[in-house]
Amino acid sequence: MTINDITNILEEFAPLDFAEDFDNVGLLVGNASTEVTGVLVTLDTLENVVDEAISKNCNLIVSFHPIIFGGLKKITGKNYVERVVIKAIKNDIAIYANHTALDNARHGVNAKICEVLGLGNTKILLPQKSTFKKITTYVPVESVEDVKRAIFTAGAGEIGNYSNCSFTVEGTGSYKANREANPTKGTIGENHKEQEMMLTCVMPKNKTKSVVDALLHSHPYEEVAYDIQTLDNSNPYIGMGMVGELEIAVPEAQFLSDLKLKMKTPIVRHSNFLNRPIKKVAVLGGSGSFAISAAKSAGADIFITADLKYHQFYEAENQIVLADIGHFETEQFTKNLLVDYLTKKIPNFAVHLSESITNPINYF
């Protein structure tokens, strides 16, 4: 398999189109056409991780965090980022990162946290907007079912738990073919009228190219009229954070004790207890202070995240318990998630879970 084959599989799970605009995701180092000898999955790509990849004969590192985030103007080895890039290139090792694409994925980082904590009835905490597009085209009546079939197969017409969704209305199309045309219907130089169906479907933005290709291939006309609009709708299946419920409510102190064990964290920084049981739980892996308001609006009893600053704990305002369990700790199971997924997709291929320690924070 090539690097491109592997990354295509990863992007079925976490499409890069759903990553945040500020992020740097995708293939960061390497050539997509290179044949892969093995895959090493890690949370961070550090020098010891590259060494591990070398020892395990893996020439592709799949990393949650991107080692290259800002622009590199020089690569001289003066810092850990440059040294990692140099070592990877010297040893023909590619580096791929999916970061916020996996954060926003329906079964990604936050779904894994919910699974570890035993939460049910889960929903996205901050649904992402503008993930849907709408395509409209005009098809001769007798060809509309063929076109629908083609674009549905390419990914159009899916709305939540429903597929093959479309809207059609019949009307009359008109055109005149010039001398260089090769019209399917009508005569060159004459105005032609044709009974057509206006066909409209929604599609996820990451499927735009495949849907357009399918439309152009299946449509009978030489020149195909179509337009695409970006929809501002929120997507309930894509976005940051999740909120779910425990089967049985537990006291706050017991919940935090269980949290420490399940999330393997030695310490939990939290706001004041509210002296009420924990039932509804909001989570957001990594730095999640921006979602405090959303967690309160969702009616969560506690919000679990990382990197909260001193004054941000005041934002609990006796409405919610805020719990900071550490950045690494919220994301630690991400590499297991990716290994499980890749192993199921390519069971006969060498996929390794990194054993290197990459957490930069120690506790005393």
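Each value in this text was obtained by applying a stated rule to the coordinates, not by laboratory testing. Keep in mind that this is a model prediction, so the values were computed, not measured. Methodologically, a virtual Cβ is constructed for each residue, glycine included, from the backbone with ideal geometry; neighbour enumeration extends over all protein chains shown.
Quick look at the numbers
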| read-out | value |
| --- | --- |
| Estimated FRET transfer efficiency (HIS192, LYS134; beta-carbon r; R0 30 Å; 0.05) | 0.60 |
| Exceeding the 21 Å Cα-Cα cut-off - candidates LYS133/LYS209; LYS112/LYS205; LYS134/LYS296; LYS207/LYS335; LYS133/LYS335 | LYS112/LYS205; LYS134/LYS296; LYS207/LYS335; LYS133/LYS335 |
| The range 1-86: GluC sites (Glu not before Pro) in DSSP loop, at most 15 other beta carbons within 10 Å | GLU20 |
| Between the range 298-356 and the range 112-150, the Cα center-to-center distance that results, in Å | 25 Å |
| Counting DSSP beta bridges with both ends in the chain, the antiparallel % (nearest 5) | 70 percent |
| GluC sites (Glu not before Pro) restricted to DSSP loop in the range 160-259 with at most 13 other C-beta within 10 Å | GLU180, GLU190, GLU222, GLU223 |
| Mean Cβ neighbour count within 10 Å, used as a protection proxy, ranking 2-9, 58-65 highest first | 58-65, 2-9 |
| Among 232-242, 115-125, the order from most to least packed when residues are scored by Cβ within 10 Å on average | 232-242, 115-125 |
| Assigned charges on the beta-carbon of Lys, Arg, Asp, Glu; the chain dipole about Cα centre (debye) | 600 debye |
| Low-density loop cleavage sites - GluC sites (Glu not before Pro) in the range 292-329, where at most 14 other Cβ are within 10 Å (DSSP) | GLU317 |
| Fully extended contour minus Cα-Cα distance, from LYS260 to GLU47, at 0.36 nm per residue | 73.7 nm |
| Rounded FRET efficiency, nearest 0.05, which uses the C-beta distance separating GLU247 from ASN275 and R0 of 22 Å | 0.55 |
| Ratio of Rg to Rh over the range 64-177 (Cα coordinates, Kirkwood Rh, two decimals) | 1.19 |
| Three-way shape label, the chain, alpha-carbon gyration tensor, a/c 1.5 | oblate |
| Where labels lie 7 Å past Cα in the beta-carbon direction, separation of THR153 and ASP213 in nm | 1.3 nm |
